[in-house]
1. For the stretch 16-38, state whether one or more residues are under 20 Å from the mean Cα position of the chain (by Cα) and under 17 Å from Arg164 (Cα atoms).
2. For Arg172, which of the numbered conditions (1) within 30 Å of Thr52 (Cβ to Cβ); (2) in contact (Cβ under 8 Å) with a residue 40 or more places away in the chain fails to hold?
3. Determine if the stretch 68-76 includes at least one residue that is buried (at least 16 other Cβ atoms within 10 Å of the Cβ) and either in contact with a strand residue (DSSP E or B) (Cβ under 7 Å, 6 or more places away or on another chain) or among the β-branched types (Val, Ile, Thr) (or both).
4. Please count how many residues of the stretch 87-97 are assigned to a strand (DSSP E or B), in contact with a helix residue (DSSP H, G or I) (Cβ under 9 Å, 6 or more places away or on another chain) and open to solvent by 10 Å² or more (accessible area, probe 1.4 Å).
5. Of all the residues that make up the stretch 1-43, how many are open to solvent by 100 Å² or more (accessible area, probe 1.4 Å) and either over 27 Å from Pro87 (Cβ atoms) or at pLDDT 95 or above (or both)?
6. Residue pairs, Cβ under 8 Å, 6 or more apart or interchain, first in the stretch 274-299 and under 25 Å from Ile98 (Cα atoms), second of a type in the set (S, T, N, Q) and in a loop (DSSP other than H, G, I, E, B). List them.
7. Go through the stretch 102-152 and give me each residue that's in a helix (DSSP H, G or I), crowded, with 23+ Cβ neighbours inside 10 Å and either out of contact with any strand residue (DSSP E or B) (no Cβ under 8 Å at 6 or more places or on another chain) or among the small types (Gly, Ala, Ser) (or both).
8. Do we have any residue at all in the stretch 252-262 that's among the β-branched types (Val, Ile, Thr), touching a Cys at 6+ places or on another chain (Cβ under 6 Å) and closer than 22 Å to Asn320 by Cβ?
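The values are calculated or read from the model by the stated rules, or taken from the named source; none is laboratory data. Please read all numbers here as calculations on a predicted model, not as lab measurements. Ideal geometry is used to build each Cβ from the backbone, glycine not excepted, and the neighbour counts take in all protein chains shown. Protein only, heavy atoms only, side chains kept; ligands, DNA and RNA dropped before computing areas. Shrake-Rupley method; radii C 1.70, N 1.55, O 1.52, S 1.80 Å.
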Amino acid sequence: MIDFRPFYQQIATTNLSHWLETLPLQLKQWEKQAHGDYAKWAKIVDFLPHLTADRIDLKSAVKSEKDFPLTAGEQQRIIHHLKQLMPWRKGPYHLYGIHVDCEWRSDFKWDRVLPHLADLKDRTILDVGCGSGYHMWRMVGEGAKNVVGIDPTELFLCQFEAVRKLLNNDRRANLIPLGIEQMQPLEAFDTVFSMGVLYHRKSPLDHLTQLKNQLVKGGELVLETLVIDGDINHVLVPADRYAKMKNVYFIPSVPALINWLEKCGFRNVRCVDVEVTSLEEQRKTDWLENESLIDFLDPQDHSKTLEGYPAPKRAVILANK
């Protein structure tokens with residue numbers, strides 16, 4: 001099983017120390033209720049070889065290399081273990097010559113977001129709904145001091161720990177398997193990211209308030225979510241599914257989203273990017289057994305989902321507490 005004690009020790013002397021009043025008990029309860037395959041996935045992480053990379057690049061990619069490449073047999077052993085942790089959704093990862101080609105080219109999103117952010121150097125960062133942690137490693141690559149990701153999905157935790165093991169067991173990033181609604185208001189993070197989460201929340205304003213409660217005064221929120229075209233009063237509430245997803249509740253226009261943030265007390269709210277999701281950014285690969293974006297769109301008109309709604313368009317909004 002994943003050992004969280006190093007993380008407890010790491011935050012004990014930081015401004016996250018009061019989290020220790022609740023976190024250890026929460027994680028003990030989480031372990032009792034974890035997915036039935038969690039023990040199997042955690043063992044796969046244990047089976048991965050202990051390797052020491054001679055070079056690690058987190059600035060332009062998530063990549064580890066040795067001066068002398070692994071043999072084909074050594075690579076195949078790692079591939080065998082990593083493929084038992086499929087599907088891999090957010091990436092890509094380049095680990096000892098192995099290209100983990102995930103469903104999402106998350107580097108595309110990072111390249112769109114990064115130019116607009118406050119300097120991440122020496123920051124304490126929270127990444128809400130972090131998945132397998134790709135963006136967390138890129139935050140470390142930008143000089144962040146301490147990156148904490150939260151995501152309740154056990155498979156993502158094990159994927160993250162597998163990548164960490166192949167990055168010289170780097171402890172500057174940590175994934176905690178909880179949801180934002182389970183966190184006490186820490187008011188301790190310089191930057192909070194919530195990317196691809198808001199439209200899954202039944203109460204989006206509650207989610208925005210929960211994000212605000214984790215920020216220090218003046219801290220920066222980075223919010224990325226699905227949007228539609230329209231004015232301040234336009235919000236799509238799908239009748240059933242959106243792009244085959246059951247758990248999509250509210251998709252606002254950019255002006256409506258800015259209004260929500262201002263109602264929650266954020267200031268300096270601004271939209272810095274709007275992009276239609278392309279078939280190059282989200283697609284099927286050998287590391288994904290499931291359907292992907294092409295299967296969610298109207299085959300005769302890619303500007304619409306199968307249900308007839310506007311195809312996925314995503315905006316990045318920045319705001320300060």
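1. Scanning the stretch 16-38 turns up no residue that is under 20 Å from the mean Cα position of the chain (by Cα) and under 17 Å from Arg164 (Cα atoms).
2. Arg172 satisfies every listed condition except (2).
3. No, the conditions are met nowhere in the stretch 68-76.
4. Residues that pass the stated criteria total 1.
5. Total meeting the criteria: 8.
6. Filtered contacts from the stretch 274-299: Gln282/Ser292; Arg283/Ser292; Lys284/Ser292; Leu293/Thr277.
7. Scanning the stretch 102-152 gives Ser106, Arg138.
8. Yes, the conditions are met somewhere in the stretch 252-262.
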